[in-house]
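Quick notes on the structure that follows.
No value in this document is a laboratory result; all are computed from the given coordinates. This structure is a prediction, so every number in the text was calculated from the model and none was measured. So basically every Cβ, Gly included, is an ideal-geometry build from the backbone, and we count neighbours across all protein chains shown.
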Amino acid sequence: MADNSTQSAQVMDITWDDATWILTSAFIIFTMQSGFGLLEAGNVSPKNEVNIMMKNVVDVVFGGLTYWMFGFGLSFGVDKGTNPFCGVGYFFVDIEDENMGVIYSTFVFQLSFATTATTIVSGAMAERTKLTAYTLFSFFNTVVYCFPAHWAWASSGFLSQLGSVDFAGSGVVHLVGGVSGLVATIMLKPRQGRFDDKAQPEMANPANAVVGMFMLWWGWLAFNCGSTFGISRGKWKLAAKTAVTTLLSSMSGGIAGTALSFIVHKGKYDIGYLVNSILGALVSITASCPLIHPWEAVLIGAIGGVLVIGVDHLLVKLKVDDPVSAVAVHGAGGLWGLISVGLFTTQDPVENITYGRNGLFHGGGWYLLGVQTLTILCEVTWAALITFILLFIIQKTMGLRVSPEDERLGADLVEHGIMQKTDGSQLAFTSQNTPVAPTVSQLIPNLHAMTGIKSTKLKSGITERKTSLFTVVRSLPENSEDAGSESTGSSSVGTALRSATSRESSEEDHTTTQALPA
């Protein structure tokens, strides 16, 4: 094992070429937020696609601020008091000494990793989480990420001192994020009607999901190659090898997913199989990418792709509702990625990443595999425990889940004042800037499609009660047979809908007999 003081000196000793490489990689990694947003928006139902994009914004805005405040310091601080469990120092990052360049570039790079770990959770919580509650969770979720980052990546971290290897974050980023997502989706419980029948959940836009996958694929190259943390002193060789193994792994994962889809779906090519198998293979290779042979990358990726699809099916069997398969892709893929290090890796002559050890299949014995298993146990336990505590507190104070009525209407309408029209376009209205108010006849078909409430019931509710359409919808149960409890809605949405009902009352009576969906 390399001496810790030597490691620290090497970290500080980077050239301006290294800094350029690190910053460029970090900027590319930030584009993965766009990829996650498109992937998630493509997978959820149309009434929630804007909301899930907003949650990806929240991850960067709120999670990024807390990482600057204390996350980076707890991960990589080196002041007095730093110990194997956490770092001390660099809080509210502000450096003006000779280490300014390396600290700032390291912060930006690690910030991109931290926000990615939080974004993974947003997919698992999609379509039934209050935006305010999620924002608060995103603000504090830095705690879940920054401690495992110290254990595995800081020279003083206890897993690092034991010889744990996680080159670009299969465990620290993906396994931690996947476990957090699993805890969150179990606490939230499934979406309404998710397991009532065998029908697949509605996807807002499969094409967007595929585009999002491509953006993540592109960003993953920076994610893995940038983790060489420079290109000087032979590190460019590791970066080049990392690019090859990352691409080969994703390709083999995609082939495995395509073959499985063809077999399981009897000649059909399922979008979810292809997307998840590629992403699962990318997660799987992230821990070992510069430390294995290309043919081993093909094997790791293929196993990762199949494993992710299998775990996703298992979760469905267990009625765990993960709208974007985040738990399977990042949780199962991250676990396999850490295990594969203990099996396939060989000693690295450039940076001594494995501390001179080989994996089991290369004559290294059981030590490295044992350390990787310990890493999994520590990260899974930590992520599950801290995520549960954070969400439990939020649940008891402000509530995590939206009301059943709001869930049926969709977060786009309830939280953003945006309604999907029947032609797939969007109609936005707010109390500050309300366009020409839509008529009740225009709104009812959209609400009927979103809620399943009969159009005639919606129409009669407005006629008889002379109240806002929003209140009528929220007061009716899903089967429209009995009246439910009244509740007040969003002021902006309510204003627009009251405007609609007022306008409707002045129209010709023939609008009340206009043909509406059954």
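Expressed in nm to one decimal, what extension gain is obtained for the pair residue 347 and residue 397 from 0.36 nm per residue of sequence separation less their Cα-Cα distance? Kindly include the intermediate steps, with their values, before the conclusion.
Working: separation 50, 0.36 × 50 = 18.00 nm, distance 5.06 nm.
Going from the current span to full extension adds 12.9 nm.
Starting from the alpha-carbon convex hull of the stretch 170-225, give the projected area averaged over all orientations, in nm².
On the way: hull surface 21.7 nm².
Projected over every direction and averaged, the Cα hull of the stretch 170-225 covers 5.4 nm².
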Legend entry - Residues in the stretch 16-54 reached by a label modelled at residue 207 [backbone nitrogen below 19 Å; 7 Å Cα→Cβ]: 35-50
Inset, instruction - Between beta-carbons, use under 12 Å as the cut-off and find the net charge around residue 190, counting Lys and Arg +1, Asp and Glu -1. - result: +1
Legend entry - Simple label model, 7 Å out from Cα along Cβ direction - residue 79 to residue 189, nm: 4.6
Inset, instruction - May I ask you to order 226-238, 308-320 by the average number of other C-beta atoms within 10 Å around their residues, highest value first? - result: 226-238, 308-320
Inset, instruction - Starting from the Cα of residue 259, step 7 Å along the direction of its Cβ; do the same at residue 24; then give the gap between the two resulting points in nm. - result: 3.7
Legend entry - Highest to lowest packing among 95-102, 391-398, scored as the average C-beta count within 10 Å: 391-398, 95-102
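For the stretch 176-299, what is the relative contact order in percent, using Cα pairs closer than 8 Å and at least 6 residues apart in sequence?
Values: 103 pairs, mean separation 31.1, N = 124.
That works out to 25 percent.
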Legend entry - 19 Å reach of a label modelled at residue 237, 7 Å along Cα-to-Cβ, counting backbone N of the stretch 339-355: 345-355
Inset, instruction - Filter the cross-link list 47/317; 189/317; 47/189; 189/266; 47/130; 130/317 down to pairs whose alpha-carbon distance in this structure exceeds 24 Å. - result: 47/317; 189/266; 130/317
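Quick one: compute the contact order of the stretch 42-173, relative version, from alpha carbon pairs under 8 angstrom and 6+ residues apart, as a percent. Write out the running numbers ahead of the final one.
Numbers: 168 pairs, mean separation 42.5, N = 132.
It rounds to 32 percent for the stretch 42-173.
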Legend entry - Rounded to whole Hz, the Karplus (6.51, -1.76, 1.60) HN-Hα couplings of the stretch 182-197, x for glycine and proline: 5, 4, 5, 5, 5, 5, 6, 6, x, 4, 4, x, 4, 10, 6, 8
Inset, instruction - For a quick protection proxy, order the peptides 44-54, 20-30 by their average other-Cβ count within 10 Å, most packed first. - result: 44-54, 20-30
Legend entry - Charge-dipole axis of the stretch 27-107 as Lys and Arg at +1 and Asp and Glu at -1 on Cβ define it, positive-most pick from 66, 105, 41: 41
Legend entry - For residue 401, residues with placed amide H under 5 Å, excluding near neighbours: 130
Inset, instruction - At 0.36 nm per residue, minus the direct Cα-Cα distance, what do residue 381 and residue 131 gain on full extension? Give it in nm, one decimal, please. - result: 87.3 nm
Inset, instruction - Towards the positive end of the charge dipole of the stretch 266-369, with charges on Cβ (+1 Lys, Arg; -1 Asp, Glu), say which of 316, 291, 353 has the farthest Cα. - result: 316
